[in-house]
């Protein structure tokens, strides 16, 4: 049995970070058989001084990835909630003032979102989200100021700052020209509103995902405890993993596995 504590992309490949017997392992998933049963969700622990610390209570959680005590222990969790209106993590405020962030637009078919990324992680961040195309539009020092600009752009363009896994699944077959058209129109709006701070850099990210290997529209799996997941991972679009099983395709949101224990079906059978 393994406890999944993170899903990320390393060097252009999706991996699951699992806790097993007190140690963390990065497990590649692309082209690997996934034959596991989904378990209950438990707190994934917290980050302290750049290191992962397991939840001392191994606490069960109904929603989210953390128990309340680990939220308070984590060095960065409160920063995720920041919208720039006020600082929610005063312990990091002085360091945050020195850090630089890119503001970007990313397109998922015709759906456009705005976001921020640490200046050294922009492309990995875009790939982790599964964006089709993106535009880097500004570099801002101070995370609080970056969040303020992000929210200002969101309001100006009337766009979102989050796209969930189900919506990404629904957009898998979107018009391939839509991302470029949507981004170009948004950049023109920002230019007219005098909000285009830097010359934009454009990224086409679609080659990362291997969607050409998906021969039919996948069904969507809504994960729950006790559910079996079966198939070989043939493509991945951000947090969406796409499985093939006897010519049928399905996808699921890998973020829904974070915090859950998973048991290989072979291991489960051996325990009967």
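The values are calculated or read from the model by the stated rules, or taken from the named source; none is laboratory data. In this text, all values refer to a predicted model and were calculated from it rather than measured experimentally. Neighbour counts are summed over all protein chains in view; Cβ atoms, including those assigned to glycine, are modelled from backbone coordinates with ideal geometry.
Of everything in region 198-212 that is under 13 Å from residue 103 (Cα atoms) and touching a helix residue (DSSP H, G or I) at 6+ places or on another chain (Cβ under 8 Å), the residue that is surrounded by the fewest Cβ atoms within 10 Å (Cβ to Cβ) is 202.
When residues of region 77-100 are filtered for being surrounded by 13 or more Cβ atoms within 10 Å (Cβ to Cβ), in contact with a strand residue (DSSP E or B) (Cβ under 8 Å, 6 or more places away or on another chain) and either assigned to a loop (DSSP other than H, G, I, E, B) or at pLDDT 80 or above (or both), how many remain? Total satisfying the criteria: 3.
Applying a threshold of 9 Å to beta carbon distances and a minimum spacing of six or more residues, or different chains, the list of pairs starting in region 230-255 at a residue that is on the phi > 0 side of the Ramachandran plot and without any contact (Cβ under 8 Å) to a residue 24 or more places away in the chain and ending at one that is surrounded by 20 or more Cβ atoms within 10 Å (Cβ to Cβ) and in a strand (DSSP E or B) reads 246/231. Taking the listed residues 162, 167, 215, the one that is surrounded by fewer than 17 Cβ atoms within 10 Å (Cβ to Cβ), under 19 Å from the mean Cα position of the chain (by Cα) and assigned to a loop (DSSP other than H, G, I, E, B) is 162, with no other qualifying.
So, in region 227-254, how many residues would count as being farther than 22 Å from residue 127 by Cα and buried (at least 23 other Cβ atoms within 10 Å of the Cβ)?
Number of matching residues: 0.
Close contacts from region 207-226, counting a first residue that is over 26 Å from residue 37 (Cβ atoms) and a second that is part of a helix (DSSP H, G or I), with Cβ to Cβ under 6 Å and a gap of 6+ residues or different chains, come to 208/127.
Against the numbered list (1) free of Cβ contacts under 8 Å to residues at least 24 places away in the same chain; (2) surrounded by 16 or more Cβ atoms within 10 Å (Cβ to Cβ); (3) farther than 30 Å from residue 249 by Cα, residue 125 comes up short only at (3). Residue 254: within 21 Å of the chain's Cα centre (by Cα) and closer than 30 Å to residue 19 by Cβ, yes or no? Taking the combined requirement at face value, the residue satisfies it. Residue check: residue 73 meets all listed conditions (1) within 24 Å of residue 261 (Cβ to Cβ); (2) surrounded by 14 or more Cβ atoms within 10 Å (Cβ to Cβ); (3) free of Cβ contacts under 8 Å to residues at least 24 places away in the same chain but one, namely (3).
Looking only at region 177-196, which residues are exposed (fewer than 14 other Cβ atoms within 10 Å of the Cβ) and touching a helix residue (DSSP H, G or I) at 6+ places or on another chain (Cβ under 8 Å)? Residue satisfying the conditions is 193 alone.
Of all the residues in region 19-28, those that are touching a residue at least 24 places away in the same chain (Cβ under 8 Å) and farther than 14 Å from residue 262 by Cα number 2.
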